[in-house]
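The values are calculated or read from the model by the stated rules, or taken from the named source; none is laboratory data. This is a predicted model, so every value here is computed, not measured. Here the Cβ positions follow ideal geometry from the backbone for every residue, glycine too, while neighbour counts run over all protein chains shown. Please note that ligands, DNA and RNA were not included when accessible areas were found on the heavy atoms of the full protein model with its side chains. Shrake-Rupley method; radii C 1.70, N 1.55, O 1.52, S 1.80 Å.
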Amino acid sequence: QVQLVESGGGLVQAGGSLRLSCAASRGFFTVNDMGWYRQAPGKQRELVATITRGGSPNYADSVKGRFTISRDNAQNTVYLQMNNLKPEDTAVYYCNAWVRGSRYWGQGTQVTVST
């Protein structure tokens, strides 16, 4: 069983920055694509950014130029650096990872951006 543990959420003013981290439990498996999704109240979960094991990123248009996804394969960890945050970025952010053809999710971390 793969477990994902997220950290780094919180409350920040508009224009501020936060860095999210997500660590997959250590084990005898290879973590393939990793990514971040978010879900705001009353809305569907949406993609924020993904990154392949080789380091190729993909971003939602709404975060391009403001968010940066990265990963450390040795630590099975993915990061999301969020700059110039806007109130519309407020949501619960979920980490996910693909391992052996199965997708795993973290428990979510709240990000709140105030005006």
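Starting from the range 1-52, pick out the trypsin sites (Lys or Arg not before Pro) whose DSSP state is loop and whose Cβ has at most 12 other Cβ atoms within 10 Å.
Passing sites in the range 1-52 are ARG26, LYS43.
For the range 1-109, state which chymotrypsin sites (Phe, Trp or Tyr not before Pro) are in a DSSP loop and have at most 16 other beta carbons lying within 10 Å of their beta carbon.
PHE28, PHE29
Per residue, what accessible area does the range 11-82 have, given a 1.4 Å probe and all protein chains present, in Å²?
For the range 11-82, the per-residue accessible area is 54 Å².
Mind listing the Cα extents of the chain along all three principal axes, in Å, largest one first?
The principal-axis extents, from largest down, are 45, 25, 21 Å.
What part of the accessible area of the range 1-99, given as a whole %, is carbon or sulfur when the probe is 1.4 angstrom?
That fraction is 46 percent.
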